[in-house]
Amino acid sequence: MPYEQLLTSPRQDQIVRLVRSQGYMANEDMAQHFSVAVQTIRRDVTYLAGLGLLCRHHGGATPVSTVENLDYDARQILNSSAKDTIGRYAAALIPDRSSLFINIGTTTEAFARSLTSHRDLRIVTNNLHVASLVSGRADFHTIIAGGQLRPRDGAILGAAAIETLSSFRTEFGVIGISGIEEDGTLLDFDLSEIQCARTIIRNSRRVLLLADHTKFTRHPMGRVGDLHDIDDLITDKPVSESFQRALEAAGVTLHVAENNV
């Protein structure tokens, strides 16, 4: 569900946008901006913080951190419409009877939901939610990586997961990411996730990176790789001219998924 559908008034969407643009907004300033009572703003901020769309502080609000990951439930809501669009677009790039890795993330889960019209796929994944989404298809041959399950988001990680992923070579590797620097550095939060993503990249003939535009504003500390490690970038909005040049220099094909895909 797009996060906009969870908002109870247009003002709440405007609060999110205002806080993101300003970095910090005091409740009193927002109340004056929207010509409402401070109590009304406090209720809005509390509600929006519960959705993971901003951080509530005494007297005001700030955007969610760009260096710490959001909770899984918040990531499912945030920009979900764009993730669904990216997922549908990326699924259309996968032929029937293909082999593919699918890694951790809410965007890769959107991709898995879009595979319903495909036939005879061979899937290797360390994402329990992805495995569940494709489990009803008798003509899909799905291998789940062994390892330690992370309950909060269905990730399967650790040495056993890496060993499983290393045992296969697929035509496609479909991966998500938590952040992308302007110079093309690919970033993530968790070392175990990074190791699994690198293993998928090494063992895929063609790597598809699925990343909505918010990933260009986030800056995790962990380095997964750079643009030379991928073949296709599927996103939902045009990129900057400098980033377009970096894509061209790395030989990466850019796909901007439109809402009507």
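The values are calculated or read from the model by the stated rules, or taken from the named source; none is laboratory data. As the structure is a computational prediction, the values presented were derived from the model and not from experiment. Cβ: placed from backbone, ideal geometry, glycine included. Neighbour counts: every protein chain shown.
Considered as a group, the residues in region 14-53 that are surrounded by 15 or more Cβ atoms within 10 Å (Cβ to Cβ) and closer than 23 Å to Asp84 by Cβ include one that is modelled with the lowest pLDDT, and that residue is Gly52. Number of residues in region 125-153 that are touching a strand residue (DSSP E or B) at 6+ places or on another chain (Cβ under 9 Å) and of a type in the set (Gly, Ala, Ser): the value is 5. Identification of helices (runs of 4 or more DSSP H) wholly contained in region 155-261 with 3 or more residues that are touching a helix residue (DSSP H, G or I) at 6+ places or on another chain (Cβ under 9 Å) and under 26 Å from Ile144 (Cα atoms) yields 159-166, 191-202. Of all the criteria given as (1) among the hydrophobic types (A, V, I, L, M, F, W, C); (2) without any contact (Cβ under 8 Å) to a residue 60 or more places away in the chain; (3) within 30 Å of Gly23 (Cβ to Cβ); (4) crowded, with 21+ Cβ neighbours inside 10 Å, the one not satisfied by Ile230 is (3).
Scanning region 216-261 for residues that are basic (Lys, Arg) and farther than 12 Å from Leu186 by Cα turns up Lys237, Arg245. When Arg137 is tested against (1) buried (at least 16 other Cβ atoms within 10 Å of the Cβ); (2) out of contact with any Pro (no Cβ under 9 Å at 6 or more places or on another chain); (3) within 20 Å of Asp229 (Cα to Cα); (4) not aliphatic (A, V, I, L, M), just one condition goes unmet, and that condition is (3).
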